[in-house]
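> Please read through the structure below; I'll follow up with questions.
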Amino acid sequence: MIMRRQYLLGAVGLVVALVLVAGWLYRRGTSEHRIRSGLTALARLAEKTDGENPLHSAQVMRHLGNAFTEDARVRVPAYQLDLRGRRPIAETMAQIRMMHHALDLALRDVSVVIDPTDRRQAAATLTVLARGRLADGHSYTDAHEFRLALRLDDGQWRVDEVERVTGFE
Amino acid sequence: MDAREAHDSPCRLRKRLVRLIFGRRPAWAMLRSVVLALVAAAVFGRLLLPVRVRGDSMLPTYRSGRFNLVYTRAYAGRRTPRRGDIVAVRLAGPSVMYVKRVIGLPGETVAFDAGRVRIGGQWLDEPYVRTRRRPWQSEPVTLEADQYFLVGDNRDTDQAAHVMGRVRRERLVGRLVFQAKGG
């Protein structure tokens, strides 16, 4: 009787483990997971540590550009920023990085919705928590909310539009 | 000490240790722990959100690094924010929030005049503001039915850099539990 109970417990444990692994594998393959991973990778890429190699900075700029579609648009009215096109966006991001000695970015409350009518398009909202130290030594902590439009482009989810949302009118 | 006592001592010690940690009935102790963990998760994940204030926009009321709790049911049902309440405003979600004070209610007209607040032409008494070294100035704005005017207590900061203004009610996560004096 004891042996049977042990077998039963083992079987239940195995089934639970299989379900968890299957769920994890399923989630890994979904568009939502790919978008979340892509956004996290973009944030990691934009980060900067003290004493960064200039060669690395050039590589970062190229990779930053790849995260956006060819005709992407970034709008941040508070900073009079309205950029169109992959190259100007990457250049501006590179300039912002250059202004910093160190920049740490964290993404919070990321929400992704795939367009049910067109599975190649998605929308995301998120909060970016930025901790930076500027070239003049001034340190700051800032939080901004963004709304993103993404598009599946050449098999990769790329950012098509970025708009800063402000809760304070 | 005889041989039997020497053998019993570590065994008895282990039993006492197990009893101390898990109690006389380990199964019940486990159940109690699980229930306690679930209740804590429900309370601190939904009802009372722990927050740590960062930045100096709420000085002198809250210093940077101070711990507080946001009561999310403060404005449930018919309860509405009152003037002087210190509230948490969500961004994309509740992980990062602004902490500000309500100074204007729906339908009111709010303006800054030489650093002081006017509500519908009347000066607002703000005992929580210590100094006004910068003469904040703004045009009067009338709040819509679901809007509140929020601002930080620190009026010594640069007005352009201070996050303030009209906020819709749906963005208010709740009221801070440990409200400071004068609030």
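Read the figures in this text as sums done on the coordinates, not as results from a lab. Bear in mind the structure is a predicted one, so any value in this text is a computation, not a measurement. Methodologically, a virtual Cβ is constructed for each residue, glycine included, from the backbone with ideal geometry; neighbour enumeration extends over all protein chains shown.
> Given an 8 Å cut-off on Cα distances and at least 6 residues of separation, report the relative contact order of segment B:52-183 as a percent.
Details: 280 pairs, mean separation 42.1, N = 132.
About 32 percent, as a whole number.
> Each residue of segment B:165-170 in turn: what ³J(HN,Hα) in whole Hz from Karplus with 6.51, -1.76, 1.60 and θ = phi - 60°, glycine and Pro shown as x?
Working through the residues one at a time gives x, 7, 10, 6, 4, 4 Hz.
> Quick check on chain A: what are the equivalent-ellipsoid semi-axes from the Cα gyration tensor, as sqrt(5λ), descending, whole Å?
Listed largest to smallest, the semi-axes of chain A are 39, 21, 16 Å.
> So for each of B:50-58, B:30-38 I average, over its residues, the number of other beta carbons within 10 Å; can you give me the resulting order with the highest mean first?
The densest-packed peptide leads the list: B:50-58, B:30-38.
> Assuming R0 = 45 Å, what is the FRET efficiency of A:THR166 and A:LEU14, from their Cβ-Cβ distance, to the nearest 0.05?
FRET efficiency, A:THR166 to A:LEU14: 0.30.
> If amide H atoms are built 1.01 Å from N in the plane of the peptide, which residues on other chains or at least 5 residues away come under 5 Å of the amide H of B:GLY152?
Long-range HN contacts for B:GLY152: B:ARG101.
> Rounded to whole Hz and in sequence order, give me ³J(HN,Hα) for segment B:21-34 from the Karplus expression 6.51 cos²θ - 1.76 cosθ + 1.60, θ = phi - 60°, writing x for Gly and Pro.
The phi angles translate into 7, 9, x, 6, 10, x, 4, 5, 4, 4, 4, 4, 4, 5 Hz.
> Over what distance in Å are the Cα centres of segment A:81-131 and segment A:1-78 separated?
Taking the Cα centre of each part, segment A:81-131 and segment A:1-78 sit 16 Å apart.
> Please work out the FRET efficiency for the pair A:ARG44 and B:SER9, using the Cβ-Cβ distance as r and a Förster radius of 35 Å; give the result to the nearest 0.05.
Taking R0 as 35 Å, the efficiency between A:ARG44 and B:SER9 is 0.05.
> Between A:ARG119 and A:ASP71, what length comes free when the chain is fully extended (0.36 nm per residue of separation minus the Cα-Cα distance, one decimal in nm)?
15.3 nm
> Another question, then. Tell me the relative contact order for segment B:1-80 as a rounded percent, counting alpha carbon contacts under 8 Å between residues six or more apart. Write out the running numbers ahead of the final one.
Details: 49 pairs, mean separation 14.9, N = 80.
It rounds to 19 percent for segment B:1-80.
> Over the protein assembly as shown, one equal point on each Cα, no solvent: what is log10 I(q)/I(0) by the Debye formula at q = 0.13 Å⁻¹?
Relative scattering, expressed as log10 I(q)/I(0), comes to -1.15.
> Still on this structure: Please give the charge dipole size of chain A, origin at the Cα centre, charges +1 on K and R Cβ atoms and -1 on D and E Cβ atoms. Round to the nearest 20 debye.
The dipole magnitude comes to about 780 debye.
> A follow-up question, please. Given a Förster distance of 25 Å, report the FRET efficiency between A:ARG87 and B:ASP158 from their Cβ-Cβ distance, rounded to the nearest 0.05.
Calculated value: 0.15.
> Given the rule -39500 (n - 2.57) for each run of at least 4 DSSP H residues, summed and divided by the residues of chain A, what is its mean residue ellipticity at 222 nm, to the nearest 500 deg cm²/dmol?
Details: 4 runs with 70 residues, N = 169.
Calculated from helices alone, the mean residue ellipticity at 222 nm is -14000 deg cm²/dmol.
> Round to the nearest 10 and give me the degree value, 0 to 90, for the angle of helix A:2-29's Cα axis relative to the longest principal axis of chain A.
So the inclination is approximately 30 degrees.
> On alpha carbon coordinates alone, what is the Rg over Rh value for chain B, Rh being the Kirkwood radius? It would help to have the intermediate numbers written out before the result.
On the way: Rg = 25.5 Å, Rh = 19.6 Å.
Radius of gyration over Kirkwood radius for chain B works out to 1.30.
> Moving on. Measuring from label point to label point, each 7 Å out along Cα→Cβ, what is the B:LEU124 to B:ARG79 span in nm?
Between B:LEU124 and B:ARG79, the label points sit 2.2 nm apart.
> How long are the semi-axes of the ellipsoid equivalent to segment A:97-169, from square roots of 5 times the Cα gyration tensor eigenvalues, in whole Å, largest first? Kindly include the intermediate steps, with their values, before the conclusion.
On the way: eigenvalues 172, 44, 17 Å².
Computed over segment A:97-169, the values are 29, 15, 9 Å.
> Taking the Cα centre of segment B:1-121 as origin and charging only Cβ (+1 Lys, Arg; -1 Asp, Glu), how large is the dipole, in debye to the nearest 20?
Dipole magnitude for segment B:1-121 comes out near 320 debye.
> Now, a different point. Quick one: which residues, 5 or more positions from B:GLY104 or on another chain, have an amide H under 5 Å from its amide H? H modelled 1.01 Å from N in the peptide plane, none for Pro or chain starts.
Result for B:GLY104 returns B:PHE149.
> Using every pair of alpha-carbon atoms in segment B:89-183, split the distances into 10 Å bins beginning at 0 and state the percent of pairs per bin, rounded to integers.
15, 48, 34, 3
> Also, I was wondering about something else. Counting C-alpha atoms alone, how compact is segment B:33-73: give Rg to one decimal and Dmax as a whole number, in angstrom.
13.4, 41
> Right, something else. Which whole-number percent is the relative contact order of segment A:31-111 (Cα, under 8 Å, 6+ apart)?
39 percent
> What residue among B:LEU17, B:VAL53, B:TRP123 has its Cα farthest toward the positive end of the dipole of the protein assembly as shown, where the charges are +1 on Lys, Arg and -1 on Asp, Glu, each on the Cβ?
So the residue furthest toward the plus end is B:LEU17.
> If you don't mind, another one. From the helices alone, meaning DSSP H stretches of at least four residues, give me the mean residue ellipticity at 222 nm for chain B, per-run term -39500 (n - 2.57), in deg cm²/dmol to the nearest 500.
Mean residue ellipticity at 222 nm (helix-derived): -7000 deg cm²/dmol.
> Quick one: 3J(HN,Hα) in Hz for segment A:114-131, Karplus 6.51/-1.76/1.60 with θ = phi - 60°, rounded, Gly and Pro as x.
Once rounded to whole Hz, the list reads 7, 5, x, 8, 9, 5, 8, 10, 8, 10, 9, 10, 6, 10, 9, 9, 10, 10.
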